[in-house]
Structure formats: structure tokens, C-alpha cells
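All of the numbers you see were taken from the coordinates with simple rules; none came from a lab. The structure presented is a predicted model; accordingly, all values stated were derived computationally and were not measured. Cβ coordinates were reconstructed from backbone atoms using ideal geometry, including for glycine residues, and neighbour counts include every protein chain displayed.
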Amino acid sequence: MTVHSTDAGLLQDQTDSIETANTVAATDNNVSENSSDNRHGAATTARQWQVLSQLQRNRWVGTTHIYEQLMMAGFDISLRTVQRDLNALAKRFPIEKNNANPQGWRWCDDAPLQSLPHMNLSQAVAFNMVEANLTQLLPPVILDELFPWFDLARRQLKNSKVTHSWIDRVRIEPATQPLIAPHIDLDSKDNIYHALFYQLQIKACYTRSNKSQAGEYILNPIAIIQRGVIIYLLATRTDDPETVIRTFALHRFASVEILESSAKTPDEFQLDTYLDAGGMGFSHPLFRELADHGKNTPIELQFTKQAGKSLTESKLSDDQTVTLNDGDTLTIQATVNLTSQLVWWLRGFGSGLLNAKPELLYQAVLDKAVLDETLDNQS
């Protein structure tokens, strides 16, 4: 059979086209297979990272628990897959298993501290609650380090079933009337926390509660305390020869400048000791003559049965006793610190509080003018 040159050229073009198409198809198949392998590898890595994040150093964690946590995190796998992952990971990481049934896994005792770019659901919930409730108290230098973890926790919980089964079902409610926190100048707050963290003095423009105009002070920051929605700075003034520890409400600072000079803390100062002794304006004038300002004092409170019912479930002290009396009354005996806070709290019972001992305590509860004066003495 004779093939003309034109036909031969056409045939060659067709042959070349078929070969090109086959080559492209083969290349596409390889790309598709590689993409599939990459996706599979990424999914495996993410899953195994989650498996490792479930393990603890001093406690065995069961494979069933790990499987349940991965399912809650959105991984559609089997228990057998988790077991295979753990056996594979044990060849590369210092983890070990026990011979229990069901089997448990943990980090080896000599394993270096791991900082994985992931967190389990329990850790995510904890970081979420820290962000919601404690960020007001944490200094910026620490918050800067925690923000990536807060973000990781939010992303971890976003598509997890635990968001609906836990986060949306847990709240922290104050035991007293909720109040709106006053506005705080953020630059002042950041500088105060920075100075406290690095123990530096500050120059502050501050308006005292009993003044209408701000004054300028150089302060030695000592501690931060939050009471309700108000945050206070404990500090001494450099112009005070007696170095009295004073409280400064953060929302009354107009401006704060960090100085290079080191802050000076009074010798032997202990925050808990300061608070136990009636710091933060909690000391009461009527209790100052008592030994240790009324610290660890036995008291006896008589309530109507209805008013004192809550104290039968939440105690005033570990040694508290409750006596049910005739006539629908009850008597509470406990050892507490006598403070203005205690007096203020007892007043909240109104006519439900029938009597209090020692007599000085009941006198303080009835003497409203003395308590108001004590509370007004804060900076």
C-alpha cells in the first residue's frame, strides 16, 4: 500500500498527538497520585500530632480515651488506627505502653519536655477559660506569649463537638450583684504591669477618690489585686517617709511613665500576710485593739433558719459547726478573721441575722457610720 506524503504527514501528526495526550494523561495521573499522597500524609501527621498531645508524663492514658478525644476533635477513624499510630510513634518518640487491659500509654520518665504545636481538648478548654476570666490580671509581657495559645485553643474548639457539649454549657457567675468595670486607660495599665513585672518605679498622674484634680506621684509598685470588678495597685509613694503601703485603683490613673530606677518593696513584705492582717481597706477601727487585729477569732452567729441555710452547705471555716435551735433558728460557730469585709457581708443578711458574738462584731455590724468611713479611706 502506497502512502502519499500528505497522508504520511497527517498520520504522523495524529501519532504525535496521541503520544502527547498519553504523556499528559500520565503526568496528570502522577500529579493526582502525588496530591492524594500529600493530603493523606498531612492528615496522618495532624492525627498523630493529636495522639501525642493526649499523652501525659506521670499518668497512663488509655487508647480508648485517646480514640474518643480524636473523634470529638473531628477525626473519623477507628480504634485500630489509633493503636497503629501509637505503635508507629513509639519508634520515633520516647513514649511507652503498659501491659494493662485496656492498654495505656504515656511519655517516658526521661523524655524531654515536649512543646507540640497542638493541644488536646481539655487544654483548649482551660486556655479558653483563662482568656475569658484572667486576662485582666495577667501582665502584657505574659499575655503576649499566651495569645498564640489562646488563638490555637479557639481554632481547636471551633469545629469540635466539645464546643457545644462544654464551652456553651459553662459560665462563671459572681456571687454578688454584677457590676460594670470602670474604664481603665490601657497604656497606663500596660505600663503599670510592665513596671511591676520588672520591679521598676513609675511616675503617675492619679486622681484620689476624695479629690477632684489629679496629682503627680512617683510610686514603687508592689502587687496587683482584683476585688470584684476593680483592680488595685499596691504601692508606696517616694514622698512618704513612713513608706505606708497604699491602694491605687487602676481606673483612676490618667497616665503612667515607667522610670529606669528600681522599685523598693518594704522589708519582709508578704502579700498574703498583708491581706490577712486586714489590708485592702478591710481592717475595721473597732477591731484594731484586738490581738492581731482580730485574726483567727472564734465567732458565733445566730440566724433565722431560712437566712442561714446557705451556710450549712458552704462553710465559713473548716472548723465550722451548725446547731439547729427551736423556733426556726440556727447557730453557726466558726473561726474567722474580723474584717470590714466580714461586717459588710453580715449586713447583707438584714433581719435574718439575729445576733453575733463577740459583742464587738455585732456592734460593728450595727454601726454603719464606722464602716462607711473605713471604705472611704482608700486612695
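With a Förster radius of 35 Å applied to the C-beta separation of H65 and D144, the computed FRET efficiency comes to 0.55. Summarising the label geometry, the points placed 7 Å from Cα in the beta-carbon direction at K357 and A111 lie 6.0 nm from one another.
Electrostatic bookkeeping for H183 treats Lys and Arg as +1 and Asp and Glu as -1; over the other residues with beta carbon under 15 Å from its beta carbon, the sum is -1. The gain in end-to-end length when the D328 to T312 segment is fully stretched comes to 4.3 nm, 0.36 nm per residue minus the alpha carbon separation. Over all other residues within a Cβ to Cβ distance under 15 Å of L301, the charged ones net out to +2, with Lys and Arg as +1 and Asp and Glu as -1. By its C-alpha gyration tensor, with a ≥ b ≥ c as the square roots of the eigenvalues, how is the stretch 186-269 shaped: rounded for a/c under 1.5, else prolate for a/b larger than b/c, else oblate? Cα axes put the stretch 186-269 in the rounded bin.
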